[in-house]
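What follows is a short report on a single structure.
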Amino acid sequence: MKNQVLKAALLTGLAVSATLGVTGVALADGEKYVLIHHSPDSETFWNTVKNGASLAAENVGATVTFRNPPNGDLADMVRIIQQTAAEKPDGIIVTIPDIETVGGAIEDAVAKGIPVITINTGTAEESKKLGALLHVGQPEFDAGKGAGELAKAAGI
């Protein structure tokens, strides 16, 4: 159980660091993590996430590998999640672009005992339903509504 808590803390740190670009302390020497996202290779947003996660992994002595469907195909993402789970990494960080499509593969990874944290897309409720340790992200509807209200107030 203690090891699971440490892995959860490390995964959380990697997920948050990936999102915010911050660093941590060395405590995961040699552990291997995989970050899987849904976007195609052409989506540059994920370069920032990759840079933050790589730096965080380096700072804690872990490695992080990045995988995504090159064209953004969610069926391909399911295959990537399944292949990653078969490799039994120390943890998986993954997006939930469509729970109906990728949910089963995420549940299977959790069932294999792999700690999973969800980031970016999806909700905390979906993450919990899939058995993930936690979700790092914001409610997309609320964020979009808030942005729309700010744009309206600014006359945009």
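Spacing of the modelled spin labels on Gln83 and Thr65, each 7 Å from Cα toward Cβ, amounts to 0.9 nm.
Structure shown: which of Lys129/Lys152; Lys112/Lys145; Lys88/Lys129; Lys50/Lys88; Lys50/Lys145 lie over 26 Å apart, alpha-carbon to alpha-carbon? Spell out each step's value before the answer.
Details: Lys129/Lys152 35 Å; Lys112/Lys145 38 Å; Lys88/Lys129 21 Å; Lys50/Lys88 21 Å; Lys50/Lys145 28 Å.
Correct reply: Lys129/Lys152; Lys112/Lys145; Lys50/Lys145.
Less than 5 angstrom separates the built amide H of Gly72 from those of Asp41, all sequence-distant by 5 or more or on a different chain. Within straight-line reach of Lys32, meaning a Cα separation under 15 Å, sit the following aspartates and glutamates at least 8 residues removed in sequence or on another chain: Glu58, Glu87, Asp90. Starting from the stretch 95-156, pick out the trypsin sites (Lys or Arg not before Pro) whose DSSP state is loop and whose Cβ has at most 12 other Cβ atoms within 10 Å. Hits after loop and neighbour filter: Lys112.
Taking a Cβ cut-off of under 9 Å around Ile99, the surrounding Lys, Arg, Asp and Glu residues balance to a net charge of -2, with basic ones at +1 and acidic ones at -1.
So what's the net charge close to Glu126: Lys and Arg +1, Asp and Glu -1, counting the other residues with Cβ under 13 Å from its Cβ?
Details: positive: Lys128, Lys129; negative: Asp98, Glu100, Glu107, Glu125, Glu140.
Once positives and negatives cancel, what remains is -3.
A short reminder: the numbers here are calculations on the coordinates, not readings from a lab. Remember, predicted model here, so these are calculated numbers, not experimental data. Positions of Cβ are generated from backbone atoms using ideal geometry, with glycine treated the same way; all protein chains shown enter the neighbour counts.
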